[in-house]
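Below you'll find the structure, written out as structure tokens, and then a few comments.
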Amino acid sequence: MSTTALTRGPVQAAERSPAPDLARGFMLLLIAVANTPFYLWGSEIGIASSHPVDGSALDKAAAFLIIVLVDLRTYPMFAFLFGYGMMQLYNRQVSSGTSEVAARKLLQKRNWLLLAFGFVHAALLWMGDVLGAYGVAGLLMVWLFFGVKDRTLLVWTWVFGGLLAIATAFAVAGAWFVAQLPADAAMAQGIVTDFAPTGEGMTATSYLASIGERLTFWGAGTVAQGVFMLVVPMMLLLAFWAGRRRILENPGEHLPLLRRVAVVGIAIGWLGPLPAALDHIGVLGVPDHAAWVFYPVQILTGFFGGLGYVALFGLIGHRVALRRSGAPSNNLFATDGPFAGAVQAVGKRSLTSYLLQSVLCAPILAAWGLGLGEHLSSWSMLLFAVAVWALTVAFAVWQERTGRRGPAEVALRRLVYGRPAQRPAPVQPGA
């Protein structure tokens with residue numbers, strides 16, 4: 001058999017398990033909530049935050065909740081699901097007779113295409129695109145680690161995690177010393193770092209000018225987020241390990257593990273950003289020239305939070321799968337209920353829904369569009385984010401009920417697998 005021939009096409013609807021799609025669908029709500037504050041380009045934001053420093057009590061409450069529950073927790077969760085999906089794709093191909101070499105080439109082709117999708121996404125609409133980061137990380141992790149033993153995957157996860165923890169510890173120690181300095185002395189010595197994006201592509205009134213600003217930010221962010229921040233590589237390695245064990249496809253066989261990871265991960269994920277949230281609403285009062293420390297702390301604890309969210313949806317997926325037993329049907333809404341079915345419909349079209357969020361946000365909120373972002377606050381932007389997600393849910397439900405795939409998924413599949421082979425015409429009797 002040729003090492004480059006594929007013996008099967010993409011996954012079919014009947015082969016999907018509920019947990020990954022539930023996680024992707026709900027995660028897209030968290031992504032909308034995490035991303036839309038960056039569109040508040042008319043407000044002053046904090047040193048290590050995407051949230052305005054001023055606002056009403058309602059605005060501060062909204063920012064507090066987003067910092068604790070969402071910020072820097074969504075992209076690790078998405079990264080795990082991305083890596084898990086890669087292992088699912090690989091397992092299906094190999095089990096159907098495709099050679100391991102051809103299956104890996106398919107993965108790498110898909111990663112290159114995601115990088116290209118991310119470039120176009122950033123150029124047209126959203127500087128904070130994550131597809132490019134996942135594409136870059138996917139290319140590296142498949143090349144370096146996809147064929148290694150399980151123990152090697154876990155060891156390198158610990159190595160990357162240790163490096164990230166050491167860097168975070170140095171950041172905390174450095175921030176403590178910086179906090180002892182007067183603000184003007186810290187500024188003079190150049191040790192004040194502003195980690196918050198400055199609205200690249202948001203404040204430009206010219207759409208053409210905004211393209212260059214977005215791509216500049218995206219290029220640096222893609223490499224930083226996909227490689228140097230270490231969270232995405234760690235998530236991919238763990239996802240490869242979990243995908244080999246089919247943990248999300250068969251969560252009932254791994255309930256103790258999922259429960260432990262959910263409890264510990266979410267606890268760390270929520271406690272880690274608590275100081276940043278308290279400082280944002282004025283309770284702690286950390287000096288501005290030392291507040292940058294919250295960003296590396298949130299990166300580290302966000303890894304645990306994202307992993308905890310994945311485990312939580314594994315447990316929820318188990319409950320949904322139990323409900324399916326005895327109700328064999330291809331109708332998600334009949335077997336899983338209207339809400340779970342709707343969330344899964346979004347998860348099955350996660351790429352389309354993710355890109356659709358930018359279509360619904362950028363032209364309305366950015367200065368080169370209608371410029372509404374200048375006039376919204378943290379609370380009203382939270383409502384806007386929920387409304388955007390609700391529109392993507394409605395679109396996905398319509399597509400699910402009419403038997404359509406997401407247009408972005410269709411385009412990606414066509415580019416990865418090529419045109420589907422034409423079936424031969426049936427032979428007529430007597431021919």
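Observations on the model:
- Test: residue in region 168-185 that is under 30 Å from Arg245 (Cβ atoms) and assigned to a helix (DSSP H, G or I): yes
- Only one of Ile316, Ile268, Ile281 that is β-branched (Val, Ile, Thr), within 17 Å of Leu22 (Cβ to Cβ) and either touching a Lys or Arg at 6+ places or on another chain (Cβ under 8 Å) or touching a residue at least 24 places away in the same chain (Cβ under 8 Å) (or both): Ile316
- Just one of the listed residues (Arg246, Arg260) is at positive phi and of a type outside the set (S, T, N, Q), namely Arg246.
- Look at region 139-157: where a residue is closer than 10 Å to Trp241 by Cβ and modelled with pLDDT of 95 or more and a partner is of a type in the set (Phe, Trp, Tyr) and assigned to a helix (DSSP H, G or I), sitting 6+ places away or on another chain with Cβ atoms under 6 Å, you get Asp150/Trp241; Leu153/Phe240; Leu153/Trp241.
- Of the residues contained in region 352-366, one or more are found to be more than 26 Å from Leu208 (Cβ to Cβ) and crowded, with 19+ Cβ neighbours inside 10 Å.
- Entirely in region 10-129, the helices (runs of 4 or more DSSP H) that have 2 or more residues that are modelled with pLDDT under 90, aliphatic (A, V, I, L, M) and in contact with a helix residue (DSSP H, G or I) (Cβ under 8 Å, 6 or more places away or on another chain): none
- Hits in region 300-314 - residues which are at pLDDT 95 or above and of a type in the set (Gly, Ala, Ser): Gly302, Gly305, Gly306, Gly308, Ala311
- Region 255-266: number of residues that are under 19 Å from Arg323 (Cβ atoms) and more than 23 Å from the chain's Cα centre (by Cα): 1
- If the condition is being crowded, with 20+ Cβ neighbours inside 10 Å and part of a helix (DSSP H, G or I), then region 218-232 contributes Trp218, Gly221, Thr222, Gln225, Gly226, Val231, Val232.
- Reported count of residues in region 250-299, each being among the charged types (D, E, K, R) and either modelled with pLDDT under 90 or touching an Asp or Glu at 6+ places or on another chain (Cβ under 6 Å) (or both), is 1.
- Looking only at region 341-391, residues that are in contact with a Gly (Cβ under 9 Å, 6 or more places away or on another chain) and within 19 Å of Arg401 (Cβ to Cβ) come to 12 in all.
- A count restricted to region 118-145 and to residues that are closer than 17 Å to Tyr90 by Cβ and surrounded by fewer than 21 Cβ atoms within 10 Å (Cβ to Cβ) stands at 5.
- Flag for Ala209 being assigned to a helix (DSSP H, G or I), within 21 Å of the chain's Cα centre (by Cα) and surrounded by fewer than 20 Cβ atoms within 10 Å (Cβ to Cβ): no
- Residue in region 165-192 that is nearest to the chain's Cα centre (by Cα), counting only those that are buried (at least 18 other Cβ atoms within 10 Å of the Cβ) and at pLDDT below 70: Val192
- A search for C-beta distances below 7 Å between a residue of region 344-361 that is without any contact (Cβ under 8 Å) to a residue 40 or more places away in the chain and any residue that is surrounded by fewer than 24 Cβ atoms within 10 Å (Cβ to Cβ) and aromatic (Phe, Trp, Tyr), counting only pairs 6+ apart in sequence or on different chains, returns Leu356/Phe395.
- Per this entry, Ala239 is not counted among residues that are among the hydrophobic types (A, V, I, L, M, F, W, C), exposed (fewer than 13 other Cβ atoms within 10 Å of the Cβ) and modelled with pLDDT of 90 or more.
- Filter result for Ala57 (more than 21 Å from the chain's Cα centre (by Cα), without any contact (Cβ under 8 Å) to a residue 40 or more places away in the chain and under 30 Å from Ile281 (Cβ atoms)): yes
The values are calculated or read from the model by the stated rules, or taken from the named source; none is laboratory data. A quick note: this is a predicted structure, and the numbers were derived from the prediction, not measured. Every residue, glycine as well, gets a Cβ built from its backbone with ideal geometry; the counts of neighbours run over all protein chains shown.
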